[in-house]
Amino acid sequence: MGHALAREQWNTLLPPIHNWLHTATIKETKTAVDGAHYGVVVRSDQADKDKVSIDAPDLDDGLKAKLLGQANTLGWRPSAGPLHLNVDQNTYTLVAISSVPASLKQVARQVGLDLAKALKELKLKHLVLCSTSQGLILDIAEGYISGLYTQAGFKGQRKNDQSFPPQLSLLGGVASSQSVRDLVEFSKAQVLVRFLQDAPPNYLTPKKFAGIAQDIAKEYGLVCKVLGREAMETLGMDMFLSVANGSVEEPQCITIEIPGVDNSKTVALVGKGLTFDSGGISIKGSAGMEEMKYDMSGGAAVLGVVRYFAAVKPPVKVICVIGATENMPSGAATKPSDVVKAYNGKTVEILNTDAEGRLVLGDCLSYTINEYKPDFIADIATLTGAVLMALGCVGGAVFGSDESVAQRALKAAELGGEPFWQLPLWPELEKEVKGDTADLKNIAKANVKGGTIMAAWFLKEFVGQTPWAHFDIAGTAWNCQALGYPSSGSAAFGFRTLVNLCKTWG
Ligand code: BES
Ligand code: MN
Ligand code: ZN
């Protein structure tokens with residue numbers, strides 16, 4: 001593809017916040033400093049919402065009384081939004097903590113997001129974020145950083161307006177200096193996830209996706225293997241390939257190996273990387289079709305894990321796999337009723353070409369299991385519209401091959417402060433993926449419903465006895481409505497959970 005944007009290096013298209021994460025001075029401080037701007041958390045009284053207190057154990061009591069005095073004089077109500085105040089040489093922004101009963105981490109990230117919004121226009125030299133009595137400083141900082149993310153790369157006039165404070169201090173409450181470094185690496189990875197999600201599909205083609213993975217692998221000395229059309233044909237990954245039949249872009253199965261501290265245990269992650277899902281011959285309606293550029297969000301989250309663990313060594317070996325392709329209609333495209341043979345030997349009747357994610361993932365799952373023999377495998381995908389019906393845009397669905405796996409997955413989600421809800425693999429529905437003409441069919445009969453569960457049952461046909469978790473993020477990958485996430489565009493949803501799954505496995 002010859003257009004000018006396609007030739008642009010992906011690194012140069014990353015938003016300014018990525019550069020800030022490299023250049024800013026970010027550190028902890030035990031004591032308050034002068035000449036800075038403070039972000040301060042305010043809590044409302046349970047009974048009287050307008051009665052507020054400042055939750056910053058590391059700030060002087062006299063100062064807190066002055067701030068509250070000024071706020072009262074101004075008649076400030078937390079519901080009016082953040083308040084800017086001056087006391088002595090310093091400036092302060094009071095932000096109310098949400099009373100929505102979401103997890104602590106989400107509430108803290110939302111404070112950071114609100115702060116970023118409130119401070120965006122101010123040219124601050126030194127921002128100090130204050131810990132709360134619950135010690136949420138790193139989560140507030142994480143939210144603040146994600147609040148500075150912009151979609152700048154694809155604007156004709158690339159604004160490099162560095163209105164970000166060159167110095168960021170975290171006042172009190174950080175356990176070790178390792179944590180600050182962790183926050184920075186984590187945030188860089190998260191910026192990458194969102195950048196990939198937001199990138200237009202004529203830029204982020206499967207080839208470009210693989211190129212970015214290879215660049216990252218090279219930078220950190222990781223092994224990266226990319227299978228193209230021919231290599232997948234040779235291996236017999238025809239179920240994956242059938243999705244790419246209608247596209248002029250070559251599909252790519254991308255694998256990156258990350259050595260861990262203990263390499264006797266292996267965790268594998270597989271991400272759906274549909275750089276555009278038109279539906280294929282079972283084509284989607286045009287309203288909202290542009291959103292299908294985000295159908296690679298699972299793959300983006302997995303590449304974010306690579307970027308993070310490249311910098312912060314994981315406890316166990318981590319294998320990251322991304323199944324990247326477009327799903328397009330053409331004279332060569334797969335037709336409803338075509339039968340294909342999967343990598344694991346099972347045959348599948350494709351009754352709806354828009355149920356393509358499970359075809360890509362199924363082959364990636366059995367290929368990864370056969371090749372790397374992981375102790376545990378998880379996949380993450382914008383898999384079904386049905387999950388929006390079930391859970392709305394506030395949480396993702398999680399399945400486990402057994403209850404203990406599901407509980408571990410939920411635990412990882414909780415550690416990362418991500419709302420996931422377990423759905424069942426109802427045993428009555430297992431037979432509904434079995435085919436008439438072939439072993440399997442890629443959609444159940446119209447009267448079966450439970451689309452998210454049926455997709456999970458289909459995937460289960462490709463994991464054998466390996467402990468397996470499945471995350472469906474179709475409702476939350478973008479325009480996420482959960483507290484602590486940017487409310488429009490890319491959300492990097494699931495990325496935190498994957499990181500924590502790897503950290504807690506073994
Ligand atoms: N990528 C979509 C799922 C999706 C829908 C993601 C809405 C984000 C928002 C997936 O490939 C798809 O098209 N699924 C179909 C499956 C159906 C044909 C069985 C769906 O959910 O409608
Ligand atoms: Mn589809
Ligand atoms: Zn899709």
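If you go through the stretch 71-97 one residue at a time, how many are open to solvent by 90 Å² or more (accessible area, probe 1.4 Å) and among the hydroxyl-bearing types (Ser, Thr, Tyr)? Counting residues in the stretch 71-97 that are open to solvent by 90 Å² or more (accessible area, probe 1.4 Å) and among the hydroxyl-bearing types (Ser, Thr, Tyr) gives 2. List, please: which pairs have Cβ atoms under 7 Å, are six or more places apart or on different chains, and start with a residue in the stretch 275-297 that is in contact (Cβ under 8 Å) with a residue 24 or more places away in the chain and end with one that is among the acidic types (Asp, Glu) and more than 8 Å from ligand 1 (Cβ to nearest atom)? Note: pairs meeting the criteria are Thr275/Glu326; Phe276/Glu326. Being within 16 Å of ligand 3 (Cβ to nearest atom), among the hydroxyl-bearing types (Ser, Thr, Tyr), touching a residue at least 40 places away in the same chain (Cβ under 8 Å) and in contact with a Pro (Cβ under 7 Å, 6 or more places away or on another chain) is true of Thr353. Against the conditions (1) crowded, with 19+ Cβ neighbours inside 10 Å; (2) within 30 Å of Val111 (Cα to Cα), Ala444 satisfies every one except (2).
Scanning the stretch 435-478 for residues that are within 16 Å of ligand 3 (Cβ to nearest atom) and among the polar types (S, T, N, Q), we see that the one that is farthest from the chain's Cα centre (by Cα) is Asn442.
The helices (runs of 4 or more DSSP H) found entirely in the stretch 130-232 that carry 3 or more residues being touching a Gly at 6+ places or on another chain (Cβ under 7 Å) and open to solvent by less than 20 Å² (accessible area, probe 1.4 Å) are 137-147, 177-198. Among the residues of the stretch 270-288, write down those that are hydrophobic (A, V, I, L, M, F, W, C) and closer than 16 Å to Ala333 by Cβ. Hits for the stretch 270-288 are Leu274, Phe276, Ile281, Ile283.
Just the residues that are open to solvent by less than 10 Å² (accessible area, probe 1.4 Å) and among the β-branched types (Val, Ile, Thr), please, taken from the stretch 268-283.
Val270, Thr275, listed by residue number.
The set of residues in the stretch 362-411 being under 11 Å from Phe471 (Cα atoms) and either in contact with a Leu (Cβ under 6 Å, 6 or more places away or on another chain) or part of a strand (DSSP E or B) (or both) consists of Ala378, Asp379, Ile380, Ala381, Gly396, Ala397, Val398, Phe399, Gly400.
Here the condition is being within 30 Å of Ser242 (Cα to Cα), assigned to a loop (DSSP other than H, G, I, E, B) and within 16 Å of ligand 2 (Cβ to nearest atom); of Ala492, Ala455, Ala444, Ala438, it holds for Ala444 alone.
Yes/no matrix, rows are residues, columns are (1) more than 30 Å from Asn263 (Cβ to Cβ); (2) basic (Lys, Arg); (3) within 15 Å of ligand 1 (Cβ to nearest atom):
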position	(1), (2), (3)
Arg358	yes, yes, yes
Tyr367	no, no, no
Glu371	no, no, no
Phe376	no, no, no
Ala390	yes, no, yes
Val394	yes, no, yes
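Scanning the stretch 277-315 for residues that are among the basic types (Lys, Arg), out of contact with any Phe, Trp or Tyr (no Cβ under 7 Å at 6 or more places or on another chain) and within 12 Å of ligand 1 (Cβ to nearest atom) gives a single hit, Lys284. Counting only residues that are among the polar types (S, T, N, Q) and more than 10 Å from ligand 2 (Cβ to nearest atom), the stretch 349-382 holds 3 of them.
Residues that are out of contact with any Gly (no Cβ under 6 Å at 6 or more places or on another chain), open to solvent by 40 Å² or more (accessible area, probe 1.4 Å) and within 12 Å of ligand 1 (Cβ to nearest atom): does the stretch 483-491 have at least one? No: the stretch 483-491 contains no residue that is out of contact with any Gly (no Cβ under 6 Å at 6 or more places or on another chain), open to solvent by 40 Å² or more (accessible area, probe 1.4 Å) and within 12 Å of ligand 1 (Cβ to nearest atom).
Pick from the stretch 99-129 the residues that are under 24 Å from the mean Cα position of the chain (by Cα), of a type outside the set (A, V, I, L, M, F, W, C) and open to solvent by 40 Å² or more (accessible area, probe 1.4 Å): which of them is farthest from Asp48 (Cα to Cα)? Ranking the candidates gives Lys120 first.
For the stretch 287-319, what are the residues that are open to solvent by 10 Å² or more (accessible area, probe 1.4 Å) and more than 16 Å from ligand 3 (Cβ to nearest atom)?
Ala287, Arg307, Ala310, Ala311, Val312, Lys313, Pro315, Lys317
Determine if the stretch 250-267 includes at least one residue that is in contact (Cβ under 8 Å) with a residue 60 or more places away in the chain, within 16 Å of ligand 1 (Cβ to nearest atom), of a type outside the set (Gly, Ala, Ser) and open to solvent by less than 10 Å² (accessible area, probe 1.4 Å). Checked against the condition, which is being in contact (Cβ under 8 Å) with a residue 60 or more places away in the chain, within 16 Å of ligand 1 (Cβ to nearest atom), of a type outside the set (Gly, Ala, Ser) and open to solvent by less than 10 Å² (accessible area, probe 1.4 Å), the stretch 250-267 yields at least one hit.
Of the residues contained in the stretch 466-475, none is found to be part of a helix (DSSP H, G or I) and open to solvent by less than 10 Å² (accessible area, probe 1.4 Å). Look at the stretch 53-78: where a residue is of a type in the set (S, T, N, Q) and a partner is in a helix (DSSP H, G or I) and open to solvent by less than 80 Å² (accessible area, probe 1.4 Å), sitting 6+ places away or on another chain with Cβ atoms under 8 Å, you get Ser53/Leu68. Of the residues making up the stretch 316-326, those that are within 16 Å of ligand 1 (Cβ to nearest atom) and hydrophobic (A, V, I, L, M, F, W, C) number 2. Is it true that Asp277 is over 18 Å from the mean Cα position of the chain (by Cα) and among the acidic types (Asp, Glu)? So Asp277 fits the description; yes.
The values are calculated or read from the model by the stated rules, or taken from the named source; none is laboratory data. The shown structure was predicted, so the numbers you read here are calculated from the model rather than taken from an experiment. Because the Cβ atoms are built from the backbone with ideal geometry, glycine has one as well, and the counts that use them run over all protein chains shown. When the accessible area is computed, the model is the full protein with side chains, heavy atoms only, and any ligands, DNA or RNA have been set aside. Shrake-Rupley method; radii C 1.70, N 1.55, O 1.52, S 1.80 Å.
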